[in-house]
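**Student:** Below is a structure I'd like to ask you about.
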Amino acid sequence: MNLSTKLEQIKGVGPKTAEQLRLAGLLTVGDLLTFLPRRHEDYTGVVAIVDIQPGKATIKARCEKVQTRMVRRGLKLTSAVLSDETGKLNAVWFNQPYRTQQLAATDEEFYFSGEFEYNYGRYQLTNPSAEKATELPVQAERLVPVYRAIHGLKSQVVRKVLTELRPLMGMLPETLPESIVKEEHLMSRADAISTMHFPVRIEDVAAARERLAFEELFELLLASQLNKLENQKLAGYHMPFEVDTVKAFVAQLPFQLTAAQKRAAWDILQDFEKSTPMNRLLQGDVGSGKTVVAGLAARQAVSHGYQTALMAPTEILAIQHAATLEGLLAPFGITVGLLIGSVKGKARQTLYEQISDGAVDVVVGTHALIQDTVTFKQLGFVVIDEQHRFGVAQRQKLLSKSGTLPHLLAMTATPIPRSLALTVYGELDVSVLGERPANRLPIITKIISPVSAHTIYAHCDQEIAKGRQVYVVCSLIDDNPDNDIKSVQAEYKRLKNSIFGHRQIGLLHGKMKPSEKDQVMRDFKAQKYDILVSTTVVEVGVDVPNATVMIIENADQFGLSQLHQLRGRVGRSEHQSYCYLMMSSTNKPSQRLREIEKSNDGFYLAEVDMQLRGPGEIYGKAQHGALNLQIATLGDTQLIARAQKAAKRCTDTGMDLEALPDLAHRVQYYQRLTTLN
Ligand code: ADP
Ligand code: MG
């Protein structure tokens, strides 16, 4: 038996088990050994029911009674009575109706582990895990690995087969350079993996995780270092700074650039002068004025005869940017084209031709830009707006449309800690817009209980009377009978037929045709509507400075960064703006809502969001997904810093990867992912 032995040849693995493992992508012994548990359930410290204390608790008990009922739409409550020799207690599960079958059919003993807390007027065990006592591995300490249930593959099956394979653990080769393992005081790979599958003490699991996470991050950061070295050898487009061009652009702006905008523009224009391609992230809170910075840079690129491409995540945003850039650049004889899905037939053909023969200088578009049919005459500058919405591959595809690597400016309103940015974007430079234009007042944000909604509408009416406009955002398009969440369709009708009968109301959602959406946005901007009832299609980037009120219905349904982005649709002019977070119920508002009510600072909120949700959720699934991190999290900034230093030591000393083929293989994979070209 060795690492490439097929699992079906292992004693105790019948055809059925082999098939289950195969469906989960596990074919060989090596596959299964490196299939790491998602987490460990801690069944150490089992207490008797008489001794239970509030907090995290584990008991060994039988289930006497269990039932599931529908409490209200969207909420199924399962409650059970659990008992051991010393007493009884209640357990509840929310929306886990399968617990009834799991527990009712047997009188076997289970380990239950969950939070023992005061809820609905009494103490109960909330959402405990439940593992049959007989199915847990026989281990004194009962620290149990839990595996991902791919296609229903059960943890206990994985555990059983792994027990057979345990003697092979020692065969797993070391994949990190020995010097790094030593210097960083890491567990060997074989020990780490063995500890993950057969843990004894929780401290050992922590050390094993650290080793495995370190390795994942090290690979990523080494790839990024190597790319940086290679990028330094690349030739970029040389675009010397032209004082007059830049001055003329700034002179025609209807406002003064902020100091931060000037600094960012200066960073970019200096990068344009270098002999290597720019790789820069422009980070600035919603409303900080990123677009005009990109416009200024595009002006300079076009002046040197290069085309600019700007990619945005939604059609609405692409249309808006095209109009903005047209306004900024047309006075200098620069032509701006718009390439989105709804530009079809002849018009699209013509646009393709204009892009490839250089008749269009600046092309703004959605993903449509990265299609193979789009060829540029000479693409010198690429801007990616709201870049966390795009995957690494999409960015690369756009960059590859130039013979030589073009300069890249990625823009985002979601602040990214530097350590994290390094892992996701390779070695990049960062400019920050840390201030908003001077004429802005902080947005006033309030959490509103459903019972006081009418006061808000009265206020909206006053704002409209003053000539301002209002957004009402709902998360659904149509009503859903399974919940009480408001939909744009119903809300639009309701507002029109009641309180706002005397006002003009527009409706916008993702199922409308692009041309209809475009028309509605235009009309809203032209103030043909006082109120726009919309889904989150207006979440990012939309800029209608005259709008001063944002009402978010069922605000508790949204994430923190989403709420901040939505709120960012107002507060874009000198007028005082308001954001109302409408609660679904009269329950206590969540921490999320209280934080957003308290703070207008996107950088602070991003920190909070990261603590509440973890970084993977925030910094773009598309990018995080490709990184394939099993153990490491991008929030572990200390480990990232360590891994980065270690990677740097390797490149500084010119380490030879050939001796470590596994490492070399994965580093190459990551190099392709984070490379610019
Ligand atoms: P974001 O950083 O969220 O992408 P935008 O680029 O959409 O922000 O700019 C927000 C609004 O602020 C736009 O209406 C823009 O014209 C305006 N703006 C940008 N810079 C300034 C400035 N320096 N002074 C006043 N208004 C500005
Ligand atoms: Mg923007």
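**Student:** Looking at (1) away from ligand 1 (no atom under 16 Å from the Cβ); (2) exposed (fewer than 15 other Cβ atoms within 10 Å of the Cβ); (3) of a type outside the set (F, W, Y), can you tell me which one D361 breaks?
**Tutor:** Going through (1) away from ligand 1 (no atom under 16 Å from the Cβ); (2) exposed (fewer than 15 other Cβ atoms within 10 Å of the Cβ); (3) of a type outside the set (F, W, Y) one by one, D361 breaks only (2).
**Student:** Look through E607, E574 and report the one residue that is surrounded by fewer than 19 Cβ atoms within 10 Å (Cβ to Cβ) and within 16 Å of ligand 1 (Cβ to nearest atom).
**Tutor:** Result of the check over E607, E574: E574.
**Student:** Taking the residues in the range 525-583 that are of a type in the set (A, V, I, L, M), within 20 Å of R503 (Cα to Cα) and in contact with an Asp or Glu (Cβ under 8 Å, 6 or more places away or on another chain) as candidates, determine which candidate is nearest to ligand 2 (Cβ to nearest atom).
**Tutor:** Per the stated criteria, the residue is V549.
**Student:** Now for a separate question. I'd like the residue in the range 374-393 that is among the hydrophobic types (A, V, I, L, M, F, W, C) and within 13 Å of ligand 1 (Cβ to nearest atom) and, out of all such residues, is farthest from T414 (Cα to Cα).
**Tutor:** V383
**Student:** Right, something else. Mind checking whether some residue in the range 295-303 is among the basic types (K, R), in contact (Cβ under 8 Å) with a residue 12 or more places away in the chain and surrounded by fewer than 23 Cβ atoms within 10 Å (Cβ to Cβ)?
**Tutor:** No, that holds for no residue.
**Student:** In this structure, does K397 turn out to be in contact (Cβ under 8 Å) with a residue 24 or more places away in the chain and out of contact with any Gly (no Cβ under 7 Å at 6 or more places or on another chain)?
**Tutor:** yes
**Student:** Here is a follow-up. Which of the residues spanning the range 491-524 are within 13 Å of T535 (Cα to Cα) and part of a loop (DSSP other than H, G, I, E, B)?
**Tutor:** Once the filter is applied, which keeps residues that are within 13 Å of T535 (Cα to Cα) and part of a loop (DSSP other than H, G, I, E, B), the range 491-524 yields H509, G510, K511, M512.
**Student:** Also: Of the residues L532, L566, only one is touching a residue at least 12 places away in the same chain (Cβ under 8 Å), within 16 Å of ligand 1 (Cβ to nearest atom), crowded, with 19+ Cβ neighbours inside 10 Å and at negative phi; which?
**Tutor:** L566
**Student:** Next up: Provide a single number: the residues in the range 171-214 that are in a helix (DSSP H, G or I), under 24 Å from V158 (Cα atoms) and either touching a residue at least 40 places away in the same chain (Cβ under 8 Å) or among the aromatic types (F, W, Y) (or both).
**Tutor:** Count: 10.
**Student:** Taking K228, is it part of a helix (DSSP H, G or I), under 30 Å from A104 (Cα atoms) and among the basic types (K, R)?
**Tutor:** no
**Student:** Separate question: What's the number of the only condition in (1) under 18 Å from T314 (Cα atoms); (2) surrounded by 15 or more Cβ atoms within 10 Å (Cβ to Cβ) that A393 fails to meet?
**Tutor:** The number of the failed condition is (2).
**Student:** Only one of (1) of a type in the set (G, A, S); (2) surrounded by fewer than 16 Cβ atoms within 10 Å (Cβ to Cβ); (3) over 22 Å from S452 (Cα atoms) fails for G501. Which number is that?
**Tutor:** Going through (1) of a type in the set (G, A, S); (2) surrounded by fewer than 16 Cβ atoms within 10 Å (Cβ to Cβ); (3) over 22 Å from S452 (Cα atoms) one by one, G501 breaks only (3).
**Student:** Name the helices (runs of 4 or more DSSP H) wholly within the range 245-337 that hold at least 1 residues that are away from ligand 1 (no atom under 16 Å from the Cβ) and of a type in the set (S, T, N, Q)?
**Tutor:** 259-273, 290-303
**Student:** Would you point out which residue out of E315, E326, E273 is crowded, with 20+ Cβ neighbours inside 10 Å and of a type outside the set (S, T, N, Q)?
**Tutor:** Selected residue: E315, the only one of E315, E326, E273 that is crowded, with 20+ Cβ neighbours inside 10 Å and of a type outside the set (S, T, N, Q).
**Student:** Go through K525, K496 for me and flag whichever is surrounded by 15 or more Cβ atoms within 10 Å (Cβ to Cβ), within 16 Å of ligand 1 (Cβ to nearest atom) and within 23 Å of D461 (Cβ to Cβ).
**Tutor:** K525
**Student:** Quick one: count up the residues across the range 290-312 that are within 15 Å of ligand 2 (Cβ to nearest atom) and of a type in the set (K, R).
**Tutor:** So the answer is 1.
**Student:** Please verify whether S402 is away from ligand 1 (no atom under 16 Å from the Cβ), surrounded by 21 or more Cβ atoms within 10 Å (Cβ to Cβ) and either outside the structural domain of H304 (by TED's automatic domain parsing) or assigned to a loop (DSSP other than H, G, I, E, B) (or both), treating the condition exactly as stated.
**Tutor:** Here the answer is yes, as S402 does meet what is asked.
**Student:** While we're looking at this one, here's another question. Find the strands (runs of 3 or more DSSP E) located wholly in the range 37-88 whose residues include 2 or more that are acidic (D, E), and list them.
**Tutor:** 39-42
The values are calculated or read from the model by the stated rules, or taken from the named source; none is laboratory data. Please read all numbers here as calculations on a predicted model, not as lab measurements. We place every Cβ from the backbone using ideal geometry, glycine too, and count neighbours over all the protein chains shown.
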